[in-house]
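So the structure is just underneath, and the comments pick up after that.
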Amino acid sequence: MPDAILRIALPSPLRRLFDYRAPPGVPRSALQPGARLRVPFGRRELIGILIEVTDHSEVPAGKLKPALQLLDAQSPLPPALFKLCLWTAQYYQHSLGDTLSWALPVLLRQGEPAEVRQERFWHLVDGARLDDPRLSRAPRQREALQTIAQHPHGVAHQLLGQLQLNKDSLGQLREKGLVRVEIRRHAASERHLNWLAEPELPLNPEQRAAAEAVRTGFGRFNAFLLAGVTGSGKTEVYLQLIRETLEAGKQALVLIPEINLGPQTLARFERRFNARIALLHSGVNDRERLDAWLAARDGEADIIIGTRSALFTPMQRPGLIIIDEEHDASYKQQEGLRYHARDLAVVRAHQENIPILLGSATPSLESLHNAHSGRYAMLHLHQRAGGAQQPRFLRLDVKSRPL
């Protein structure tokens with residue numbers, strides 16, 4: 001059998017694939033499309049995505065370089081997200097390698113493992129004694145051993161500073177065989193049987209009609225435009241639809257236009273739901289973003305909240321996409337891969353066969369056109385929620401008034 005030729009998409013503006021030989025010692029069966037590889041590229045090393053394995057190349061065999069390292073046993077990108085990236089690269093005329101790189105968290109672009117964070121826990125070794133003679137002249141080590149003994153389930157490495165535990169002392173205790181280190185997978189928060197942490201607000205007739213229209217579209221692709229005046233209770237409609245999505249065992253993706261809305265949106269969702277919520281935007285650090293991305297991919301996050309780039313967050317059980325303030329210009333990416341997150345969200349919902357709800361007090365002209373042409377179902381909220389009254393407006397002729 002001829003040597004395997006790898007066709008790899010690299011983060012480059014060139015809209016083409018690059019051919020490499022397989023890394024030394026890596027069998028053909030281990031090379032799965034979507035996996036990341038570290039490859040030489042000029043004087044640099046880049047992280048690329050394997051697109052296909054073939055037996056032929058237009059490049060002479062003698063000029064083909066071997067890839068340096070296979071980073072994944074399987075693709076970190078689920079098939080649905082991979083398909084979305086292919087569509088995005090073609091529609092926006094952008095290089096496939098750059099598009100795939102854009103869809104990955106920064107740490108995955110840099111070659112970090114696509115695995116949930118591992119945590120170190122310090123434990124007392126069975127049979128270890130506080131009166132061990134080797135500690136007679138090591139008071140700090142004895143104090144550290146006593147603290148560890150008070151935590152039968154172990155002490156997380158990240159909490160050592162808070163417990164005033166000295167890492168050097170623990171290292172010496174480990175050399176003496178008195179403590180041990182256990183590596184655990186980062187634990188996801190517990191799934192609750194009752195999703196509501198607080199009661200839902202009553203819906204007025206318009207809100208109920210809007211929620212019912214979206215509810216009947218569950219389980220298949222439908223696009224809805226919810227046009228509601230300020231204070232009409234669009235968010236309460238979102239929350240009740242998300243609760244039904246969670247009860248169906250599905251995940252919900254909520255896009256917001258600005259980073260500044262993240263904390264208040266997260267706080268409101270946390271008050272309402274006993275759910276595992278992932279927050280993704282440029283304000284969180286790279287490690288937190290990767291953890292949230294992986295939690296969503298593995299189905300450990302029930303609700304994903306983020307700005308435009310969160311559109312590329314994988315979901316194991318997609319059920320609903322919500323775009324809040326869909327008219328906002330912040331959904332347009334203006335550098336690198338130029339795309340509109342609102343429009344791509346509709347494409348993603350269609351590909352994954354789930355409903356999408358676009359909400360705004362001032363819908364964009366594009367969305368209004370789609371609603372009037374029948375592509376979107378139009379939903380209206382004319383009244384303010386909770387009995388609130390519309391503001392009164394008075395017209396004053398100020399021409400004759402003093403400045």
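The lysines within cross-link reach of Lys176, meaning a Cα-to-Cα straight distance under 21 Å and a gap of 8 or more places when in the same chain, are Lys167. Summed over all non-identical Cα pairs, the Kirkwood treatment of the chain gives a radius of 24.8 Å. Its Cα centre serving as origin, region 5-109 has a Cβ charge dipole (Lys and Arg +1, Asp and Glu -1) of approximately 240 debye. Global size of region 118-185: 11.1, 36 Å for Rg and Dmax (C-alpha atoms, Rg to one decimal, Dmax whole). Distance from the alpha carbon centroid of region 216-251 to that of region 1-51 works out to 42 angstrom. For Lys83, the lysines whose Cα falls under 30 Å of its own Cα, not counting residues fewer than eight places away in the same chain, are Lys65, Lys250, Lys332.
Each peptide in 273-281, 133-141 was scored by the mean count of other Cβ atoms within 10 Å over its residues; highest first, the order is 273-281, 133-141. Pick from Gln74, Gln351, Gln264 the residue whose mean-square fluctuation is largest in a GNM of the chain, springs joining Cα atoms under 10 Å. In this elastic network of the chain, the residue with the biggest mean-square fluctuation among Gln74, Gln351, Gln264 is Gln264.
The 3J(HN,Hα) values that the Karplus relation (6.51, -1.76, 1.60; θ = phi - 60°) gives for region 4-18 are, in residue order, 6, 9, 9, 9, 10, 8, 10, x, 9, x, 6, 8, 7, 9, 10 Hz. Gly and Pro appear as x.
Compactness of region 1-128 was expressed as the Cα radius of gyration divided by 2.2 N^0.38 Å, which yields 1.24.
Taking label positions 7 Å along the Cα-Cβ direction at both Ala61 and Arg44, the computed distance is 3.2 nm, reported to one decimal. Charged side chains reduced to their Cβ positions (Lys and Arg at +1, Asp and Glu at -1) give the chain a dipole of some 580 debye around its Cα centre.
Compared with the dominant principal axis of the Cα atoms in the chain, helix 261-272 is inclined by about 90°. From helices alone, the chain scores -8500 deg cm²/dmol at 222 nm; the rule is -39500 (n - 2.57) for each run of n ≥ 4 DSSP H residues, then divide by the residue total. Along the axis of the charge dipole computed for the chain (Cβ charges of +1 for Lys and Arg, -1 for Asp and Glu, origin at the Cα centre), the listed residues Leu86, Ile49, Tyr238 are led at the positive end by Ile49. For the chain, the residue among Gly217, Pro318, Trp293 whose Cα projects farthest onto the positive side of the dipole built from Cβ charges is Trp293.
Read the figures in this text as sums done on the coordinates, not as results from a lab. Everything numeric here is computed off the predicted structure, so don't read it as measured data. Heads up, the Cβs are rebuilt from the backbone with ideal geometry, glycines too, and the neighbour counts pull from every protein chain shown.
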